[in-house]
Amino acid sequence: GGAGVLAARTNNGLGIAGVTWGGYLLPIKVFSDQGNSAELLKGVNQASALGARVINLSLCYVTWENGKEVCASSEKGYDDYGLTQAIRQARSKGIVFIGASGNYNQSVVGYPASLPEVIAVGAVKVDGSRASFSNTGQTLDLVAPGDPVFTTSLGGDYGWLRGTSFSSPIVAGVVALYMSKYASEQKAWPSPDQVYQCLTNTAEDLGPSGWDAEYGFGLVR
């Protein structure tokens, strides 16, 4: 579903149009069963080595609080040292990271989206209001449609899906378009900081004026 949001073929009379209009997609499997940090670390390093310019992380690390499954978060001191260092190293090479804020209606953004090196994305409804499940927090950067999104599903079908995991690739697609356009005009790739400034400066402000913990800088445009 997330891959369809990002890169479904366009202008072919079928299904949906991906944000990148058919951009080059590099799918890397990081969850063999339940998934673990070693697989995710390997995936990030593999994407970096293969020349990816944008890495989408539609996931959050899970922990338990008061008997409930929730996202772990940097905002509460959580860190996976190996993954954090890999993300920092890849970003220093110019790779842009986008991550889902989480679907637990928490007041913290889930890790790894909560890292300052990752653009954290929450979900909004069709009317622009926050999706009830979307995590908020001090490290939230942007929001994008995610409640619901019509996208690809297993077996070659299409359907309505909900989650910040579908909001994040929308932003990743916008990032890819911006970076491609910039590179074609400037003959150089924009830095991750330039990408961040472009997206946050052009976002449609939602909620209280300016940045806020529920919508970040606003709706990606």
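The values are calculated or read from the model by the stated rules, or taken from the named source; none is laboratory data. These figures come from a predicted structure and were not determined experimentally. All Cβ positions, even for glycine, are placed from backbone atoms using ideal geometry, and neighbour counts span all protein chains on display. Heads up: the accessible areas ignore ligands, DNA and RNA and are worked out on the full protein's heavy atoms, side chains in. Shrake-Rupley method; radii C 1.70, N 1.55, O 1.52, S 1.80 Å.
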**Report entry** Matching entry among Ser92, Ser114, Ser73 (being among the hydroxyl-bearing types (Ser, Thr, Tyr) and touching an Asp or Glu at 6+ places or on another chain (Cβ under 8 Å))
**Finding:** Ser114
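For every residue, the table says whether it meets (1) over 26 Å from Asn103 (Cβ atoms); (2) in contact with a strand residue (DSSP E or B) (Cβ under 6 Å, 6 or more places away or on another chain); (3) in a loop (DSSP other than H, G, I, E, B).
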{"residue": "Val143", "(1), (2), (3)": "no, yes, no"}
{"residue": "Trp160", "(1), (2), (3)": "no, yes, no"}
{"residue": "Ile170", "(1), (2), (3)": "no, yes, no"}
{"residue": "Met179", "(1), (2), (3)": "yes, no, no"}
{"residue": "Ala188", "(1), (2), (3)": "yes, no, yes"}
{"residue": "Asn201", "(1), (2), (3)": "yes, no, no"}
Report summary line: For segment 97-119 the number of residues that are more than 11 Å from Leu59 (Cα to Cα) and part of a strand (DSSP E or B) is 3
Query - Candidates Thr202, Thr151, filtered to the one that is β-branched (Val, Ile, Thr), open to solvent by 10 Å² or more (accessible area, probe 1.4 Å) and more than 13 Å from the chain's Cα centre (by Cα) - result: Thr202
Query raised in the report: Does Gly218 fit the bill of being at pLDDT 95 or above, in contact with an Asp or Glu (Cβ under 7 Å, 6 or more places away or on another chain) and either open to solvent by less than 50 Å² (accessible area, probe 1.4 Å) or farther than 21 Å from Ile55 by Cβ (or both)?
Result: yes
Query - Segments classed as helices (runs of 4 or more DSSP H), wholly inside segment 1-96, with at least 2 members that are among the hydroxyl-bearing types (Ser, Thr, Tyr), surrounded by 20 or more Cβ atoms within 10 Å (Cβ to Cβ) and under 15 Å from the mean Cα position of the chain (by Cα) - result: none
Report summary line: If you go through Val108, Val143, the only one that is closer than 22 Å to Ile16 by Cα and among the hydrophobic types (A, V, I, L, M, F, W, C) is Val143
**Report entry** Any chance Ser165 is buried (at least 20 other Cβ atoms within 10 Å of the Cβ), in contact with a Ser or Thr (Cβ under 8 Å, 6 or more places away or on another chain) and free of Cβ contacts under 8 Å to residues at least 60 places away in the same chain
**Finding:** no
Query raised in the report: Any idea which residue in segment 97-135 is surrounded by the most Cβ atoms within 10 Å (Cβ to Cβ), counting only those that are closer than 15 Å to Leu83 by Cβ and aromatic (Phe, Trp, Tyr)?
Result: Tyr111
Query - Residue identified as touching a residue at least 40 places away in the same chain (Cβ under 8 Å) and out of contact with any Pro (no Cβ under 7 Å at 6 or more places or on another chain) among Leu14, Leu40 - result: Leu40
**Report entry** Residue satisfying all of: in segment 175-199; open to solvent by 30 Å² or more (accessible area, probe 1.4 Å) and among the aliphatic types (A, V, I, L, M); nearest to the chain's Cα centre (by Cα) among these
**Finding:** Ala176
Query raised in the report: Does any residue of segment 85-96 turn out to be closer than 21 Å to Asp141 by Cα, in contact with a Cys (Cβ under 7 Å, 6 or more places away or on another chain) and not aromatic (Phe, Trp, Tyr)?
Result: no
Query raised in the report: With respect to the numbered conditions (1) surrounded by fewer than 24 Cβ atoms within 10 Å (Cβ to Cβ); (2) without any contact (Cβ under 8 Å) to a residue 60 or more places away in the chain; (3) not aromatic (Phe, Trp, Tyr), which one is the sole condition not fulfilled by Gly146?
Result: (1)
